[in-house]
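In what follows, a structure is listed as structure tokens, so that the remarks can point back to it.
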Amino acid sequence: MALGHAQNGGDPKNHPPPRSLRLLPLGEPPPFRQDVRDGVRYELEPEPGSIPPRQIRFGKGDSATLLRLNLGRPTETLKIPSGTAPVVFHEASAQDAPSVKPWLTLNPPETGNVLAIIWRDPGSRWSAPRNLVFADSAAALPAGSLRIVNLLPVEAALIFDGDRVILASGKALVKPLKIGNDLPIQIAFKNNTGQFQPFYSGAILLNPNERAQIFIHRADGENPRRPAKVVTFNEIAPALPAPPP
């Protein structure tokens, strides 16, 4: 049942204020394909399942909301109610019928804003993506902080100004940063020999009121030159809630 219809009752206490949800699809676009007809080059559509659906649908009928998906970019925010009822998405083009299998089902925490990371395993289709959900509130990731998420199936080693941190598979690290100062960072993954293989070197710089996030994920392209990838972005952090009177 769609989350928007999961809570009933007339007591306002049973209907907490809505919170926001964002999706971040991670992966790589398929190789560019083209066809030449009468001397004119035409770009071909990607193979089915090689990229996420361009749009997915939350809710039913006239009240449904569409979200556009772009690899490596968070979606617009979607309002969802509090509670642990599943958040269900269908492909925008799918029939609005109970027999149609959802494209994605998320199990959010009971309260707070949510960021859901979605990806596919190498060799699989985007018809059944995997997901992890993280708190997306100002309290969980305030301005002046960096969150790093390791979605690799192996450990990742992070080096900040000479300090080394090992981040297990599926785990996240939140680190406070100094505003206006570059933080050099190097990332390595544990390879088949048990050694940490460097694959990323960069720096994070935060402006006032900003926070940053880094997502380490497996390359899912065809014959990738590097087996691991990094997506990083800065954004304005939401304001912390006002203290109670």
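Structure data summary
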| item | result |
| --- | --- |
| Net charge of Cβ neighbours under 13 Å - reference Arg130; Lys, Arg +1; Asp, Glu -1 | +1 |
| Neighbourhood charge, 12 Å Cβ-Cβ cut-off, centred on Leu177 and excluding it, Lys, Arg +1 and Asp, Glu -1 | +1 |
| Under 30 Å from Lys60, Cα to Cα: lysines that are on another chain or at least 8 residues apart | Lys13, Lys79, Lys101 |
| Shape call, the chain: gyration tensor on alpha carbons, a/c limit 1.5 | oblate |
| Sites Ser127 and Arg225, calculated FRET efficiency, Cβ-Cβ separation with R0 35 Å, nearest 0.05 | 0.85 |
| Cut-off 14 Å, label 7 Å out along Cα→Cβ of Val174, residues of the range 200-238 by amide N | 211-214, 237-238 |
| Longest exposed-site-free window of the chain, the sites being GluC sites (Glu not before Pro) in a DSSP loop that have at most 16 other C-beta atoms within 10 Å | 1-75 |
| Relative contact order [Cα under 8 Å, 6+ residues apart], the range 138-245, whole percent | 30 percent |
| Mean projection area, nm², convex hull over Cα of the range 105-178 | 6.3 nm² |
| Net +/- balance of residues flanking Leu26 in space, Cβ distance below 11 Å, scoring K and R +1, D and E -1 | +3 |
| For the range 138-245: rounded, prolate or oblate by the Cα gyration tensor [a/c cutoff 1.5] | prolate |
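Since every read-out is calculated from the coordinates, none of them should be taken as a lab result. Just so you know, these numbers come straight off a predicted model, no measurement behind them. Cβ coordinates were reconstructed from backbone atoms using ideal geometry, including for glycine residues, and neighbour counts include every protein chain displayed.
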